[in-house]
Structure formats: C-alpha cells, structure tokens
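Just below is one structure, and these are the notes that go with it.
The values are calculated or read from the model by the stated rules, or taken from the named source; none is laboratory data. What you are looking at is a predicted structure, and each value in this text was computed from that prediction instead of being measured. All Cβ positions, glycine included, derive from the backbone under ideal geometry; neighbour counts span all protein chains shown. Surface areas here come from the heavy atoms of the whole protein model, side chains and all, with no ligands, DNA or RNA. Shrake-Rupley method; radii C 1.70, N 1.55, O 1.52, S 1.80 Å.
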Amino acid sequence: MKILLAGGAGYIGSHTALCLLEKGYDVVVMDNLLNASPEALRRVEKMTGKQVALEVGDCCDIARTREVFAAHKPDAVIHFAGLKAVGESVAKPLYYYQNNLIATMTLCQVMKEYDCNILVFSSSATVYGLATEMPLRETVPTGGTNPYAWTKIMSEQILQDVAKTDDSRSFVLLRYFNPIGAHESGHIGEDPTGIPNNLMPYICQVASGKLDYLRVFGDDYPTRDGTGERDYLHVMDLAEGHVAAIEYAKDHKGAEAFNLGTGTAYSVMDIVKNFEKANDLTIPYQVTPRRPGDIAVCYADPSKARELLGWEAKRDLYTMCRDAWNWQKQNPRGYEK
Ligand code: NAD
Ligand code: UD1
C-alpha cells in the first residue's frame, strides 16, 4: 500500500514515515519544506534501508498536487501539512486560514479525482478549546481560542461534511495531545526554528546551554503542584497511531475522530524532574506569570482509540525525556537546515 504523507518531512511526519516503512508500506512525501529539512527523510532512508520519494511542493497548489498524485497514485494520504504556531496564528490569521484550510480542501479534492479515498488528518487537542470536563472524550463540543485551533476545527468540519455526501470516503481525524521525544536512535527528532514555544524543546535547549533557564508559566493553577498539566505522549507512539488509523480506515467508511494521548496528565514540574532524572542533568528554572491563553489541565480519554483502533501509548515519561535529550545531544544544531 502506498501512502502519501503531506507535510511528511516535519517532526511527526518523519517519525510516521519511519514507522510505515518498517511495517512494509511504501511512502511518498509531499512537503514545501517551510518548516522541515530534507535531511530528516534522508535519515529515515538510512535507518530503514528503504526509499522515500520527496516531492517538494505546496499542497495548496492544486496543479502541483495533481502532478504528485499522477506520478505516484497513492492509496491513502496522511495530511500533516499545516502551520502550527498558536502565537503566529493570532498575528497572521489569514496566513493560517489560507494555508491550513486550502491544503485540506485541495488534498480532499485531488484525492477524489484519483480515486484515493483514505485520509488520516492531523487534528489536535486544541479543538477542545477551554473545555474543563477532564478527561476529554471525543464527544466534548469543540471550540477554538485562536486561529490555529479554528483551522483544525474547520478542517474537521469540512472532512465530516464531505464524508457525509460521499460514502466511498474513509476519513480518520486524529486529535493529538502533546507529542514529545524522538526516535530512540536520536537520528530524527524535533527541530524547531528559532526559540521554541513548546515545553520539551525549550527544556532541551536549556539543557544544552543554548537558553539560560526555563520559564515556568505560572505555579498558581488548581493542579497538584500549581503548574499546568498536559497529556504528553511519545512521538513514536503517535507515529504508530497513524498506522493503526490507516488499518482502521481500510474497512470503515465515513469520518471519525479519535484522541491520541496517554490519558495521564503530568505537570510542568513533573517534566522537569523526570528530565533531570532520566538524563542526570539540572534544569534551572524560574516561575513567571501564566502564559495568556493557557489552560490549567488538559488530558485525553484515549479509550475510543484503544477500542476501535487497537492503539495504546506504551512509552513512559522517563523514555520521552531520555529520547528528547538523546536527539538534542546528538544534533545540537538540529538538521542544520
Ligand atoms: P511540522 O511543522 O514539523 O510539520 C508540518 C510539515 O508540513 C512541515 O514539514 C511543513 O514544511 C509542511 N507544510 C506546511 N504547510 C504546507 C503546505 N501548504 N504544503 C506542503 N507542506 C506544508 O509540524 P508537526 O509537529 O510535525 O505537526 C504535523 C501536524 O500535526 C500539523 O498539522 C500540526 O498542526 C499537527 N499537530 C501537531 C502537534 C505538535 O505538538 N507537534 C500537536 C497537534 C497537532
Ligand atoms: C501548545 C499549543 C496547542 C498545541 C499543543 C501541541 C499554545 C498556547 N498551545 O499547547 O495549541 O495543540 O502545543 O503542540 O501554544 N510551559 C512552560 N514554559 C515554557 C513552555 C511551556 O511553563 O517555556 C508550560 C505551559 O504553560 C503548559 C505546558 O508547559 O502548561 C505545555 O506547554 P506547550 O508545550 O506549549 O503545550 P500546550 O500549551 O499544551
């Protein structure tokens, strides 16, 4: 089975490519390389001994997308191609709506033209907005708090609507919680541009001495230790979730949303302590005011994915912290793009 990974040169896409190749799927990547380096895929090829065709191109460009489909005739698409920085989406809403929505619609249309009916979409826990009913089940009403979140809610809506009118389609909407870590080899990992926004890449850069100390955004939340709690999952568990989603889509029509998380919430201080212990390092930190827009707690009820996809996260927090640092240590300048 041949799978087109749109946005597949990025963080989650490259780990998913590795996983798919190891399981015997053929992989083609279409990426505009806006936030990725082709080096990630070269390393995936080395690690697996298999080839990954990279088509440099923008999924909003329908002519280019048609060319890629005509050349490779994929049986399924996994759609990672999106911009993902919340703050930037607030500053440049049109840029986010244009890229993330047009990419989704273009892929959806071209898939139909080439009779490709299986799509796995990268959604996010951000679709739950300010919901406080924890753990979050897929039935919790969605609602956005920033343009990025709305692009995920709207993409999901578009896919739901298309699936309703076309019973040949199989769409799986994967709502990722907080992916962290890297492949255990340390050959591929997360390579953020500039100063990281997210907790784990920030901690890694403090550990490497690139940044002086971690700012802990608030210690007055109504949580066990006062710092924000999230559902962190290992990126390789997440990658395996995509394989499970492809298998599920083969014999299920319609559009279905799934949480991909562990079901456990860890605080910022839990992450710091586990990172220190796993890597025998000290992470200097200072408590600063809350980051605007952050919620206290967010974690998944992953039972639907367990029951219907047969998928469950297996790797623990210690492993996530060890693998994140192993990647950073081996690649202090990332892929040097
Ligand atoms: P990433 O930026 O590493 O990967 C996204 C890839 O898409 C990049 O390689 C980028 O160059 C490419 N891309 C963007 N727009 C494109 C376009 N129009 N045409 C072709 N390529 C395009 O991000 P990631 O962390 O791997 O995330 C993958 C997907 O998962 C994104 O859609 C993101 O919104 C979603 N997601 C990520 C997280 C997370 O914490 N990383 C959480 C929830 C959801
Ligand atoms: C962020 C995004 C969210 C996205 C998710 C997964 C924001 C506001 N939200 O969520 O849309 O779906 O990533 O990619 O960006 N923290 C610190 N110091 C830091 C960084 C973070 O204390 O330097 C804290 C945060 O307050 C939070 C936790 O660490 O409690 C996790 O933060 P982060 O990694 O940015 O993820 P989310 O905020 O959950």
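So what J values fall out for region 150-163 if you push phi through Karplus, 6.51 cos²θ - 1.76 cosθ + 1.60 with θ = phi - 60°, rounded to Hz, Gly and Pro as x?
5, 5, 6, 5, 5, 4, 4, 4, 4, 5, 4, 5, 5, 4
With a 1.4 Å probe and all protein chains in place, put Tyr11, Tyr96 in order of accessible area, largest first.
Tyr11, Tyr96
When DSSP beta bridges are limited to those with both residues in the chain, what percentage is antiparallel, rounded to the nearest 5?
Within the chain, antiparallel bridges account for around 5 percent of the total.
Below 8 Å between Cα atoms, with a sequence gap of 6+, how large is the relative contact order for region 203-334 in percent?
39
Quick one: which residues, 5 or more positions from His183 or on another chain, have an amide H under 5 Å from its amide H? H modelled 1.01 Å from N in the peptide plane, none for Pro or chain starts.
Hits under the 5 Å cutoff: Ile188.
Rounded to the nearest 10 Å², what accessible area does His187 have for a 1.4 Å probe in the complete protein model?
The value for His187 is about 80 Å².
Using the Karplus curve 6.51 cos²θ - 1.76 cosθ + 1.60 with θ = phi - 60°, what ³J(HN,Hα) values do you get for each residue of region 73-79, in whole Hz, with x for Gly and Pro?
6, x, 8, 7, 10, 10, 9
Among the lysines, which have Cα under 28 Å from the Cα of Lys50 when same-chain residues fewer than 8 positions away are ignored?
Lys2, Lys23, Lys73, Lys250, Lys314, Lys329, Lys337
Give me a comma-separated list of calculated 3J(HN,Hα) values for region 90-99, in order, Karplus coefficients 6.51, -1.76, 1.60 applied at θ = phi - 60°, integers in Hz, x for any Gly or Pro.
Taking θ as phi minus 60°, the curve returns 6, 6, 10, x, 4, 4, 5, 4, 4, 5 Hz for region 90-99.
Diagonalise the Cα gyration tensor of region 134-283 and give the resulting equivalent ellipsoid semi-axes, square root of 5 times each eigenvalue, largest first, whole Å.
Over the Cα atoms of region 134-283, the ellipsoid semi-axes are 33, 18, 14 Å.
With a 1.4 Å probe and all protein chains kept in place, how much accessible area does Val172 have, in Å² rounded to the nearest 10?
Surface accessible to solvent at Val172 totals approximately 0 Å².
How much FRET efficiency would the formula 1/(1 + (r/R0)^6) give for Asp167 and Ala91, where r is the Cβ-Cβ distance and R0 is 45 Å, rounded to 0.05?
E(calc), rounded to 0.05, equals 0.65.
Return the long-range amide H neighbours of Val216 (sequence gap of 5 or more, or a different chain), with a cut-off of under 5 Å between placed amide H atoms.
So Val216 has HN proximity to Gln286, Val287, Thr288.
Which value, in Å³ per residue, describes the convex hull spanned by the Cα atoms of region 1-155?
Considering the Cα atoms of region 1-155, their hull volume per residue is 118 Å³.
Once you have the Kirkwood Rh of region 233-274 from its Cα pairs, apply Stokes-Einstein at 4 °C and 1.567 mPa s and quote D in µm²/s.
For these conditions, the coefficient is 104 µm²/s.
Can you tell me how region 147-204 classifies by the Cα gyration tensor, rounded, prolate or oblate, using a/c under 1.5 as the rounded cut?
prolate
Please work out the C-alpha center-to-center distance from region 252-311 to region 39-96 and express it in whole Å.
That distance is 26 Å.
Normalised by the number of residues in region 73-155, what is the relative contact order in percent for Cα pairs under 8 Å and 6+ residues apart?
Relative contact order, region 73-155: 40 percent.
Ignoring ligands, DNA and RNA, please state the percent of accessible area on the chain from carbon and sulfur, probe 1.4 Å.
50
Using only alpha carbon positions, build the gyration tensor of region 81-181, then give the equivalent ellipsoid semi-axes as the square roots of 5 times its eigenvalues, largest first, whole angstrom.
Semi-axes from the Cα gyration tensor: 23, 17, 12 Å.
For region 242-337, what is the convex hull (Cα atoms) projected area averaged across all directions, in square nanometres?
Answer in nm², one decimal: 9.5.
Show the residues, 5+ positions off or on another chain, whose built amide H is closer than 5 Å to the amide H of Leu211.
Residues meeting the amide H criterion: Val206.
Over the chain, how many percent of alpha carbon pairs lie in each 20 Å bin up to the one with the longest distance?
Reading upward from the zero bin: 32, 61, 7.
What number, in percent, do you get for the relative contact order of the chain if the mean sequence gap of Cα pairs under 8 Å and at least 6 apart is divided by its residue count?
Relative CO of the chain lands at 19 percent.
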